[in-house]
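Q: Quick one: this structure, given as structure tokens, is what I'll be asking you about.
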Amino acid sequence: MKKLLFVAVLSLGSLAAFAQEGEEVTQEATEVVVAQDNFTAIETSELPEAVSNAVATNYTTATINKAFVNKEEQ
């Protein structure tokens, strides 16, 4: 009889352990937006040679369609 009682308590205890709810984890998404004001369009021929060479070397299938510059020459 003691074995039957022990098995019953052990079974209920293990079922209760699996029935517990886990913690709900929420993640917040943070979006960073950088305003790029004061950029003006320039001709692609006005780009520095280093920029043109870097694009041609690292991105062989890419073409430069548009170029922009700000007051700091970036």
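Q: If you take the residues of the stretch 64-74 that are in a loop (DSSP other than H, G, I, E, B) and modelled with pLDDT of 90 or more, which of them is surrounded by the most Cβ atoms within 10 Å (Cβ to Cβ)?
A: I64
Q: Here's another thing I want to ask about it. So which residues in the stretch 9-59 are modelled with pLDDT under 90, more than 20 Å from E72 (Cα to Cα) and open to solvent by less than 100 Å² (accessible area, probe 1.4 Å)?
A: V9, S11, G13, S14, A16, A17, A19, G22
The values are calculated or read from the model by the stated rules, or taken from the named source; none is laboratory data. Source: prediction; values computed, not measured. With ideal geometry, Cβ positions are generated from the backbone for all residues, glycine too; neighbour counts draw on all protein chains shown. Surface accessibility is based on the protein's heavy atoms, side chains included, excluding ligands, DNA and RNA. Shrake-Rupley method; radii C 1.70, N 1.55, O 1.52, S 1.80 Å.
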